[in-house]
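J.: Just passing along the structure, written as structure tokens.
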């Protein structure tokens with residue numbers, strides 16, 4: 001095969017494919033030039049004059065060729081589908097590879113969950129570069145379905161589908177030199193792998209400590225100065241634009257051709273309908289170009305830079321010897337993708353996958369589809385005793401981010417207990433442990449979801465994925481919990497005691513083996529249902545709710561163990577006896 005590629009390069013034999021007179025986006029020089037591009041045996045074999053030297057030749061005059069795009073950090077589970085269906089949905093957008101962190105399913109199913117995702121991803125043309133979840137559970141004081149130690153992870157580095165250690169969220173464990181965390185970091189370093197960071201709200205000292213630990217990426221940066229600070233320390237900054245977190249425009253003023261090689265694009269969490277309609281990191285590229293970034297620089301960030309960051313060989317560029325993953329684009333500034341090729345083979349055209357792989361052949365164990373174990377819940381279990389206090393600690397949802405505010409406000413009461421007030425937008429929120437029948441039920445108050453009626457519940461509750469429920473009354477919250485027990489995971493909307501819409505996620509309560517179209521129909525019905533209950537809510541309340549339990553992101557969150565103040569990294573009570581506390 002190597003001999004044939006060399007003979008193709010020197011025109012002694014014909015190339016399998018020649019793209020004639022195409023504008024090549026040069027991600028090495030961040031420039032564009034016109035040439036013929038030859039492909040043989042799935043690899044680029046030549047750039048220059050190859051007209052007449054191809055078995056198949058396509059006139060690409062006026063069009064552009066760009067490398068296959070690589071998402072530098074994503075959670076497949078956030079799309080609610082398997083890696084198979086993720087590939088079917090993403091490839092038409094020119095995304096040919098993704099650095100995937102399966103810590104969502106790992107929190108439910110442990111090592112078996114990681115291995116399931118790796119095996120499932122082998123059945124498609126897309127490249128999945130899996131990172132091993134470093135923090136399962138995310139912190140030591142909440143309850144996930146599994147606990148993964150360094151001893152559990154170490155054998156997985158021999159799996160060819162594993163490329164590194166995923167986002168290190170438990171920063172106290174790093175800063176305090178926790179024995180198991182040090183072992184995880186050392187094992188990844190010995191394996192020659194990349195270690196991902198998670199530096200939300202980090203100052204200089206914390207960034208320095210992570211860099212010393214050889215943690216060399218961060219997708220939690222959301223300011224221009226934060227980008228500058230990370231690049232100065234040799235930390236690859238993954239510029240995120242997902243369904244919830246939209247950081248690109250806030251960081252764009254700091255991006256230039258000099259620091260671009262240290263920058264990549266990521267989506268982190270993308271909902272399926274958003275991925276289908278708007279794409280993955282191709283949307284990042286499009287948005288960056290529309291706001292003034294050099295198109296070749298933007299494309300470099302979504303291809304070559306990600307490949308170099310994660311030490312991927314011969315991927316991410318249009319150059320001889322590189323894997324022939326590419327897209328043909330009719331308009332560079334709008335990134336209008338006409339065709340997508342994987343290893344020189346056409347896999348998508350005009351926004352449609354050519355050979356769809358059936359996601360129904362998912363291969364998930366039976367234990368994955370019976371993972372929701374919930375106690376019987378009554379109104380007393382959901383009651384919040386105010387202890388004679390009039391003020392309360394309240395979680396405030398911040399649209400467009402996973403960060404939440406910590407408010408202290410006066411709340412309504414009845415018989416000494418918190419009383420829900422839709423007028424004040426003070427709703428009740430609860431997290432119920434669902435993995436090991438521990439019976440943990442944490443209660444709190446949330447503001448910003450703007451529900452006027454009913455309740456919504458989901459087993460997508462980052463990162464331990466217990467059940468999280470919010471409502472305007474206890475009866476609907478209890479009905480939602482009961483339905484979730486029957487469904488064995490997913491999303492449910494209840495109003496007046498009746499289930500008005502739901503989405504079953506049968507695999508670990510996180511993903512489904514159904515096709516994207518079917519899932520999006522359910523999502524549309526869910527959105528219509530919740531729009532009736534929250535007509536003034538201008539963001540996705542299901543996604544926002546799912547991040548209210550992410551206790552490694554500022555400022556106030558809730559997990560199955562209680563209300564958690566991220567700033568002090570400690571649990572606090574809902575009632576506030578002194579507003580100055």
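Every read-out reported here was derived from the displayed coordinates using simple, explicitly stated rules and does not represent laboratory data. Note that the coordinates shown come from a computational prediction; the quantities given were computed from them, not determined experimentally. With ideal geometry, Cβ positions are generated from the backbone for all residues, glycine too; neighbour counts draw on all protein chains shown.
J.: If packing is taken as the average count of other Cβ atoms within 10 Å, what order do 208-216, 12-20, 126-134 fall into, highest mean first?
T.: Details: 208-216: 17.7, 12-20: 20.7, 126-134: 25.3.
Output ranking for 208-216, 12-20, 126-134: 126-134, 12-20, 208-216.
J.: Which value at 222 nm does the chain reach when only helices count, each DSSP H run of 4 or more adding -39,500 (n - 2.57), with the total divided by all residues and rounded to the nearest 500 deg cm²/dmol?
T.: Details: 17 runs with 149 residues, N = 581.
For the chain, the value works out to -7000 deg cm²/dmol.
J.: Among DSSP beta bridges lying fully in the chain, give the percent that are antiparallel, nearest 5. Please list the in-between numbers first.
T.: Numbers: 76 of 109 bridges.
Of all bridge pairs located within the chain, approximately 70 percent are antiparallel.
J.: Here's a follow-up. So what's region 61-197 giving for Cα Rg divided by 2.2 N^0.38 Å, two decimals?
T.: Working: Rg = 15.9 Å, N = 137, 2.2 N^0.38 = 14.3 Å.
Relative to the rule-of-thumb radius for its length, region 61-197 sits at 1.12.
J.: Another question, if that's okay. I'd like to know how region 66-363 sits against the 2.2 N^0.38 Å rule of thumb: what's its Cα Rg over that expected value?
T.: After normalising by residue count via 2.2 N^0.38 Å, the value is 0.94.
J.: For residue 571 and residue 334 in one chain, what is 0.36 nm times their gap in residues minus the Cα-Cα distance, to one decimal in nm? Could the numbers behind the result be given before it?
T.: Numbers: separation 237, 0.36 × 237 = 85.32 nm, distance 4.76 nm.
Full extension from residue 571 to residue 334 adds 80.6 nm.
J.: From the alpha carbon gyration tensor of region 1-124, can you work out the equivalent ellipsoid semi-axes (sqrt of 5 times each eigenvalue) and give them in Å, largest to smallest? Walk me through the numbers on the way to the answer.
T.: On the way: eigenvalues 272, 56, 28 Å².
Computed over region 1-124, the values are 37, 17, 12 Å.
J.: Let me ask another. Determine the principal axes of the Cα atoms in region 184-245, then give the extent along each, sorted from largest to smallest and rounded to whole angstroms.
T.: Principal-axis extents of the Cα atoms in region 184-245, largest first: 33, 27, 15 Å.
J.: Here's another thing I want to ask about it. Compute the angle between helix 179-190 and the longest alpha-carbon principal axis of the chain, please, reported from 0 to 90 degrees and rounded to the nearest 10.
T.: Here the helix axis deviates by roughly 10 degrees.
J.: So how do 547-557, 181-191, 137-147, 374-384 stack up, highest first, on mean other-Cβ count within 10 Å?
T.: Values: 547-557: 23.4, 181-191: 18.4, 137-147: 20.1, 374-384: 15.7.
In decreasing order of mean packing, 547-557, 181-191, 137-147, 374-384 become 547-557, 137-147, 181-191, 374-384.
J.: What share of the DSSP beta bridges in region 66-363 is antiparallel, in percent to the nearest 5?
T.: On the way: 14 of 37 bridges.
Around 40 percent antiparallel, to the nearest 5.
J.: If one takes the longest principal axis of the Cα atoms in the chain, at what angle in degrees, from 0 to 90 and to the nearest 10, does the Cα axis of helix 516-533 lie?
T.: Taking Cα atoms only, the helix is inclined about 40 degrees.
J.: Which whole-number percent of Cα pairs in region 464-581 have a distance greater than 19 Å?
T.: Working: 3800 of 6903 pairs.
So the portion of pairs separated by more than 19 Å is 55 percent.
J.: So, one more: List the relative contact order of the chain as a percent without decimals, with contacts defined as Cα pairs under 8 Å and 6+ residues apart. Could the numbers behind the result be given before it?
T.: Values: 1454 pairs, mean separation 86.0, N = 581.
So the answer I get is 15 percent.
J.: Can you give the percent of C-alpha pairs in region 367-576 whose distance is more than 28 Å? All intermediate terms of the calculation are to be shown ahead of the outcome.
T.: On the way: 4425 of 21945 pairs.
Value for region 367-576: 20 percent of Cα pairs lie more than 28 Å apart.
J.: Over region 2-62, what is the relative contact order in percent, taking alpha-carbon pairs closer than 8 angstrom and at least six residues apart?
T.: Numbers: 130 pairs, mean separation 24.6, N = 61.
Value for region 2-62: 40 percent.
J.: In terms of the ratio Rg/(2.2 N^0.38 Å) built on C-alpha atoms, what value belongs to region 134-203? Mind dumping the intermediate values first?
T.: Working: Rg = 12.0 Å, N = 70, 2.2 N^0.38 = 11.1 Å.
In units of the 2.2 N^0.38 Å rule of thumb, it is 1.09.
J.: Which value, in Å to one decimal place, does the Kirkwood hydrodynamic radius take for region 2-62 when every pair of different Cα atoms is included?
T.: Numbers: mean 1/r = 0.0874 Å⁻¹.
Final number for the Kirkwood radius of region 2-62 is 11.4 Å.
J.: Hey, another quick one. Normalising by the residue count of region 367-576, find the relative contact order in percent from Cα pairs under 8 Å and 6+ residues apart. It would help to have the intermediate numbers written out before the result.
T.: Working: 506 pairs, mean separation 51.8, N = 210.
Here the relative contact order equals 25 percent.
J.: A further question follows. Just for the Cα atoms in the chain, what are the lengths along the principal axes, largest first, rounded to whole Å?
T.: 88, 48, 44
J.: I need the fraction of alpha carbon pairs in region 312-430 separated by more than 25 Å, rounded to a whole percent.
T.: On the way: 4464 of 7021 pairs.
Result: 64 percent of Cα pairs exceed 25 Å.
J.: Report, to the nearest 10°, how far helix 474-487 tilts away from the longest principal axis of the Cα atoms in the chain, using its own Cα long axis and a range of 0 to 90°.
T.: For helix 474-487, the angle is close to 50 degrees.
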